[in-house]
Each structure stands twice: as C-alpha cells, then as structure tokens.
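Chemist: Sending over a structure as structure tokens; questions will come in a sec.
The values are calculated or read from the model by the stated rules, or taken from the named source; none is laboratory data. In this text the structure is predicted, and so the values were computed from the model without any measurement. With ideal geometry, Cβ positions are generated from the backbone for all residues, glycine too; neighbour counts draw on all protein chains shown. In case anyone asks, the SASA skips ligands and DNA or RNA and just uses the protein heavy atoms, side chains included. Shrake-Rupley method; radii C 1.70, N 1.55, O 1.52, S 1.80 Å.
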Amino acid sequence: KEVLDMDIQSKPSQPHWYERCVQPCVAELLGSALFIFIGCLSVVEDTGDTGRLQPALAHGLALGLTIAVLGDI
C-alpha cells in the first residue's frame, strides 16, 4: 500500500478590505468616543469630597471595557 506524501500548502488569504481598513477605524472611533464620553460624565456631578478618585476610576473602567470589547480588532 503506497501512501502519497504531499505537502499541500494553501496560500494564506488576504483579509477583506473592510477588515483591513474600515473595521480598525470604526473600532478606534467607538473606543475613543466611549472613553471621552464616560470620562466627561464622571465629572459632571463631581462633588468636592470625591476628589480625583472618581474620574480616575471612571477612565480606568472605560479603558478596560474598551480593551475587552474591541481588543481583538
């Protein structure tokens, strides 16, 4: 019984132009808008006793959320 040993190498397909150009731009726009929007909302009702902790936590959580959602693009 003969076994034919052939190395079949398929050419890696190029990603579609949408995945290469449009998707990263939309992800960047959405991530930046979310980061700025949540950051600005965190200081709208800033009382004097919260100090710098509230905006820092809001920006940190917004950044973590953005990375978790859009990080694979």
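Chemist: When the accessible area of the range 16-71 is computed with all protein chains present and a 1.4 Å probe, what percentage of it is carbon and sulfur?
Modeler: Heavy-atom surface of the range 16-71 belonging to carbon and sulfur, 1.4 Å probe: 71 percent.
Chemist: Determine the per residue accessible area of the range 16-71 with all protein chains present and a 1.4 angstrom probe, expressed in square angstrom.
Modeler: In whole numbers, the range 16-71 has 76 Å² accessible per residue.
Chemist: Obtain the nm distance between the two label points defined at Leu34 and Arg52 by a simple spin-label model: each point lies 7 Å from its Cα along the Cα-to-C-beta direction.
Modeler: Going by the 7 Å Cα→Cβ label model, 2.6 nm.
Chemist: I would also like to ask the following. For the range 16-71, what size does the Cα cloud have along each of its three principal axes, sorted from largest down, in whole Å?
Modeler: 51, 17, 10
Chemist: So, one more: Quote to one decimal, in nm, the extra length available between Glu45 and Cys21 on full extension: 0.36 nm per residue of separation minus the C-alpha distance between them.
Modeler: Gain on stretching Glu45 to Cys21: 4.8 nm.
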